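Remarks on the structure that follows.
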Amino acid sequence: MPGNSKECRVIPAYPSLQTQEFPLQPSVPSHSRTVLVTGATGYIGGRLVPRLLEAGHRVKVLVRSPQKIKDVPWHDQVEIVQDSLDDAAGVEEALAGVEVLYYLVHSMASGSGFEAKEEAMARLVAEAAKAAGVDRIVYLGGLHPDNELLSKHMRSREKVGRVFLESGVDSIVFQAGVVIGSGSASFEMIRHLADTLPVMPAPSWVTNRIEAIAVRDVLHYLVAAATLPDKLNRTFDIGSRDVLKYKDMMNEYALERGLPRRLVIALPVPAPKLAGLWVALVTPIPLSMSFPLVQSLQHDAVSREHDVDHYIPQPDGGLTPYRRAVALALGKERDGQVETTWANAGIDADPLPSDPDWAGYKVYLDERSFHSEAKPEHVWTIIEGIGGKNGWYSLPLAWRVRGWLDKLQGGAGLLRGRRHPKTLGSGEVVDWWRVEAIERGHLLRLRAEMRAPGRAWLELAVEPDGGGSLYKQRAIFFPRGLAGRLYWLGVYPFHGFIFPSMARNISAAAIALQEEEAVEPGSGVSTDTP
């Protein structure tokens, strides 16, 4: 962890650039504030930043790894501070000149010290905000009942909110229930359960009353909080006002999706651990997240007051009903317009050492190359579109089996998919991989997030070769102890089938794409696996 002796690294903002997706206002409004967003690499934070810019605010973001946001459309419109929230000196420096702090950080970690760590980090940030003269802290917590024994994660979020309210800095704590939006963990859980299971024996909590909220409405409230009158220092419950039982939420999703109604049979037991395991197996959500998500559903999550209406007008057209939020999320996914996903938040990991640094390491390699008659740009289109619905171009059953084995061990599995079917950016998820490096048109390096006794990467590259191209493929594995060496020996025979066919099939798909474009130039490309 960074220590107090380390200076935080500030990456200056560039002049504002107009972007097609997030246009800035031509003039800065009189109520413009300087804001710092923590959690900008997360699901909510990554969507909030461009909307704050559009509202005319000056935005700073505090991130551990600037590499994870280098491909976002708003990268050159913000000031990036590289540091950690547990570094008091770094946080104080990041807060210099800041009027509003958005605290959008919540770990899905577990363990005996989890709650204490979350509280300690919130206290550090609150004290730094007070010392820096910050006008307001804005925090997004969770809807929860009073006088009930809350789950560990819900209890932690409630405690963090209380830390800010008692900090001496004016704070607004929004409390929201299930957030529905393209790429949200809650939406993915509902979607995969309803898509997969026409008949669903379920724990008793599926009859609990839930008030969901569309992500667009959450962002509406968060943006408005920057300019609310001073000294509110209170919580606000926010929601759609559309209260459903959880099983009805799955059925409403099914109807919007054009599926028959799902038969959800509520069993007279809560079974949070069993339910968490089941959710992890049939949805993209890993065990580390499925348990806290399921635990948060053990109680009703309904707004107890609507005081926010006296301070923040509802969005144009009113709040978004649940089924409309589902329709919007499905439309965004269908049209490839998903801004952020829960999976892309991820965790930081050590990057692959450069080849000269491998000396002294035990490294296993599987390297392949394949000459293709396809042009490099067509091979690259297939490379950048790999994974998700496009598949991995070799032995789909073998990939699925490995994905299920990973799920059973609490890993990511293959169900996370990808944010966009054709384009990738640094830090994005592709099934159980994460994009560690991308040199568009040339190289894609994926870092494995599956459970394995070691660290693994997959590199896919292309370069010109005569009238065609040379496709290069490299699997890299740094084993951890004897278990890692035995693991590599166990999977190596399968590599003899998977990786050669992968190289051939990617080349074949690129040739088919090239021929398709030759027949219909400018008609667009498809990277579906043949």
(Q) At a threshold of 8 angstrom on Cα-Cα distance, excluding pairs fewer than six apart, so keeping six or more, what relative contact order does segment 349-519 reach in percent? (A) 31 percent
Q.
Along the charge dipole of the chain, pointing to its positive end and built from +1/-1 on Cβ of Lys, Arg, Asp and Glu, which listed residue (Leu228, Ser151, Ile511) has its Cα farthest out?
A. Ser151
**Q.** Computed magnitude of the charge dipole of segment 436-522 (debye, nearest 20; Cβ of K, R +1, Cβ of D, E -1)
**A.** 820 debye
Q: For segment 162-176, just list the computed ³J(HN,Hα) in residue order, Karplus coefficients 6.51, -1.76 and 1.60, θ = phi - 60°, integers in Hz, with x standing in for Gly and Pro.
A: 5, 4, 5, 5, 9, 7, x, 9, 3, 10, 10, 10, 7, 10, 10
**Q.** Ordering of 334-342, 374-382, 195-203, 311-319 by packing [mean C-beta count within 10 Å, highest first]
**A.** 374-382, 334-342, 195-203, 311-319
Q. Taking H as built 1.01 Å from N, whose amide H comes closer than 5 Å to the amide H of Ser426, not counting residues under 5 places away?
A. Asp71
Q: Sketch the reach of a paramagnetic label on Leu197 as a point 7 Å from Cα along Cα-to-Cβ, and name the residues of segment 399-431 whose backbone nitrogen lies under 19 Å away.
A: 404-405, 407-411, 413-416
(Q) Shape verdict for segment 372-433, please, from the Cα gyration tensor: rounded (a/c under 1.5), prolate (a/b greater than b/c) or oblate. (A) oblate
Q. Using θ = phi - 60° and the Karplus form 6.51 cos²θ - 1.76 cosθ + 1.60, what ³J(HN,Hα) does each residue of segment 227-243 get, whole Hz, x for Gly and Pro?
A. 10, 5, x, 5, 6, 7, 6, 7, 8, 9, 7, 10, x, 7, 6, 9, 9
Q.
Within segment 349-519, count lysine pairs with alpha carbon atoms under 28 angstrom apart where the residues are 8 or more positions apart or belong to different chains.
A. 10
Q) For the charge dipole of segment 179-291, defined by +1 on Lys and Arg C-beta atoms and -1 on Asp and Glu C-beta atoms about the Cα centroid, which residue among Leu197, Ala212, Ile180 has the Cα displaced farthest towards the positive pole? A) Leu197
Q: Enumerate the calculated ³J(HN,Hα) couplings along segment 434-447 in order (Karplus 6.51 cos²θ - 1.76 cosθ + 1.60, θ = phi - 60°), each rounded to whole Hz, writing x wherever the residue is Gly or Pro.
A: 10, 6, 8, 8, 9, 10, 3, x, 9, 9, 10, 10, 10, 9
Q: Calculate the dipole size of the chain relative to its Cα centre from +1 charges on Lys and Arg beta carbons and -1 charges on Asp and Glu beta carbons; express the result in debye to the nearest 20.
A: 1380 debye
Q. Going by the alpha-carbon gyration tensor, a ≥ b ≥ c the square roots of its eigenvalues, is segment 349-519 rounded (a/c under 1.5) or, if a/c is not under 1.5, prolate (a/b greater than b/c) versus oblate?
A. prolate
Q: Considering Cα pairs under 8 angstrom that are at least six residues apart, work out the relative contact order of segment 154-235 and quote it in whole percent.
A: 48 percent
Q) When Val98, Val491 are ordered from fewest to most other Cβ atoms inside 10 Å of their Cβ, what list results? A) Val491, Val98
Q: Quote the charge dipole size of segment 349-519 about the Cα centre in Debye, to the nearest 20; the model charges only the Cβ of Lys and Arg (+1) and of Asp and Glu (-1).
A: 840 debye
Q) Which option, [x] 70, 51, 46; [y] 68, 56, 54; [z] 64, 60, 54, is the value of Cα extents along the principal axes in Å that was calculated from these coordinates? A) [y]
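Laboratory data are not the source of any read-out in this text; all were calculated from the coordinates shown. In this text, all values refer to a predicted model and were calculated from it rather than measured experimentally. Methodologically, a virtual Cβ is constructed for each residue, glycine included, from the backbone with ideal geometry; neighbour enumeration extends over all protein chains shown.
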